[in-house]
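The values are calculated or read from the model by the stated rules, or taken from the named source; none is laboratory data. Computed from a prediction, not measured in an experiment: that's the story for all the values here. Positions of Cβ are generated from backbone atoms using ideal geometry, with glycine treated the same way; all protein chains shown enter the neighbour counts. With ligands, DNA and RNA removed, areas are computed over all heavy atoms of the protein, side chains included. Shrake-Rupley method; radii C 1.70, N 1.55, O 1.52, S 1.80 Å.
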Amino acid sequence: MHRLALCLVALSELACAAETAPPPNIVFIMSDDHAERAISAYGSDLIETPNIDRIARDGIRFANSFVTNSICAPSRAVLLTGKYSHLNGLRDNRDTFDGGQVTFPKLLQRAGYETAIIGKWHLKSEPTGFDEWKILVDQGHYYNPVFLDNGVEVQLEGYVTDLITELALEYLENRDESKPFALLYQHKAPHRNWMPAPRHFADEQRELPLPETFWDDYAGRPAAAGQDMRIADMWLSLDLKLQQGHYGRENGTGGSETYDPTEGWEDDYGRMTEEQRAAWDAHYDPIGEAFREAPPTGKALAEWKYQRYMQDYLGSVAAVDDGVGRLLDYLEENDLGENTVVVYTSDQGFYLGEHGWYDKRFMYEESLRTPLVIRYPAEISPGQVNDDLVLNLDMMPTLLDLAGVKIPPEMQGRSLRPLMTASPRPEWRDAIYYRYYEFPHGWHKVRPHYGVRTDRYKLIHFGGDMDVWELFDLQTDPNELKNVYGQDEYVTIQNQLHNRLNELQRELEDLP
Ligand SMILES: [Ca+2]
């Protein structure tokens, strides 16, 4: 029987939780740059992810899950604090996280949880609110990465995704069993530069489908035209793993004119052990040789880059799914399945060739969306799909709510608990607010922008060195190719969206 059903006579849910059931354990799994389109539970045309799918099958999948600022460190700060970037202080990847703030791990720790973070942290300051932390230094490396083990640097031999999984399992095995636990198990993969483990080297014969917007001309969208994140401009070395000798010269920009990609690639490749390098070369050398013998040019080169990028991206995802499977198996085998909340999400979505791009940042769908599936058999019945507009901002209040911990009133998100459980469906938000900052510094030249999205429409303002509004009708133009801002037939909806945007900015205390 569900815990809620047992609680009908209790005065409050918190009192009830204390009397009838122990607080749930929490495993919060986050990967980095994992697009919904690369998860089979989201209907992927690219890959099978049976283990992430297990979470969706046993629980709930959010079909309209979004982020408030689509870039790594800012998104992580939103998740920890339940506040937008302008209030938690981490607007772009240059900023350092103020660890003195209230975060959900701190509140869980105060409520009696043992808390741990294993894997990618990426917030510059040291983690606060954790009993245990083993984090990658900065972005970390795919092979033989250096971890900060509670502050001490340790280099481990192996593949990063597998190492993070093994450290997470080791934590679970050695935890203080007298307390509930909250484990943040956070992957580096599938972040750039997408280096798979040998067991996931691709079948290079398999051709991946080119998205219909791959050759987007960006007409009517000057900010989209002005970015530097086209697959066509990817680096042959760092991104596509060609060795010097396989190509004449780098012909891409990679999103930064000052970064030296060959040096970066030498660092990634050079840190492999002899055995790792032998396995790597056995797969990648023939690819490089074929490129050297018949180097593609023009459109054929862009499409070659797309195939190579996608093969490595999907291989990097596959190891994440393996790790999720091992974690779920551990919970089941140790009788922890029923009373553990398991969340799988990413810090944001990612472009897999749509609009010709990789990377994120834009308020367009592919990077605004982020996967979100949650299982908690004690309370969430299996096989649900929810269509409400939910945000990464909601994670903190959701986890606190499920743990029976009071949600601080200054949190800007809302608990998803009533959307997942048998409770009556609450009135829910009709629109989400978004704001991206990183310009002109940083990578990829995406102009700063803010906007509002409802279930059907999206209004965006791009600033920086431009002053441009965009309006999309997602029903008639799901690929966001036709900016209808200023068109007569959209005047009414345009005015409504402007009003809603102003209201949200006032409500959220963000006045650009
Ligand atoms: Ca990311």
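Observations on the model:
- Were the residues from Asp138 through Asn334 laid out at 0.36 nm apart, the gain over their Cα-Cα distance would be 67.3 nm.
- Region 173-213 versus region 67-89: alpha-carbon centroid distance in Å: 22
- Loop trypsin sites (Lys or Arg not before Pro), region 328-417 (other Cβ atoms within 10 Å of the site Cβ: 13 or fewer; DSSP): Lys406
- Of all lysines in the structure, the ones whose alpha carbon falls short of 21 Å from that of Lys406, not counting any fewer than 8 places away in one chain, are Lys83, Lys106, Lys179.
- Per-selection Rg to Rh, region 335-485 - Cα, Kirkwood hydrodynamic radius: 1.01
- Accessible surface computed residue by residue for region 214-301, with neighbouring protein chains in place and a 1.4 Å probe, gives 48 Å² per residue.
- Using θ = phi - 60° in the Karplus curve 6.51 cos²θ - 1.76 cosθ + 1.60, the 3J(HN,Hα) couplings for region 421-427 round to 10, 6, 4, x, 5, x, 4 Hz; x is entered for Gly and Pro.
- Per-residue extension of 0.36 nm, minus the Cα-Cα distance of Ser125 and Trp215, leaves a gain of 28.3 nm for this segment.
- Taking the accessible area of region 428-494, probe 1.4 Å, and keeping the other protein chains in place, the carbon and sulfur fraction comes to 48%.
- Computed over region 369-468: relative contact order in percent, which uses C-alpha pairs under 8 Å that are six or more apart: 18
- Phi angles of region 473-481 translate, via the Karplus equation with coefficients 6.51, -1.76, 1.60 and θ = phi - 60°, into HN-Hα couplings of 9, 5, 6, 8, 9, x, 8, 6, 9 Hz per residue; Gly and Pro are given as x.
- Accessible surface comparison of Arg425, Arg326, probe 1.4 Å, protein chains only, largest first: the order is Arg425, Arg326.
- Cα Rg over Rh - region 471-512, Kirkwood: 1.07
- Antiparallel content of DSSP bridges confined to region 63-159, in %, to 5: 65
- Here the chain carries DSSP beta bridges of which approximately 55% are antiparallel, counting only pairs with both residues inside.
- Value of Rg/Rh across the chain [Cα atoms, Kirkwood radius]: 0.96
- Euclidean distance between Cα centres, region 420-464 to region 488-512, Å: 12
- Per-residue accessible area (protein heavy atoms, 1.4 Å probe) orders Trp469, Trp357 as Trp469, Trp357, starting from the largest.
- If both residues of a DSSP beta bridge must be in region 90-238, then about 45% of such bridges are antiparallel.
- Dipole axis of region 312-438 (+1 Lys, Arg; -1 Asp, Glu on Cβ), positive-most option in Gln384, Tyr433, Pro371: Tyr433
- For region 76-232, relative contact order (Cα pairs under 8 Å, six or more residues apart, normalised by length) works out to 17 percent.
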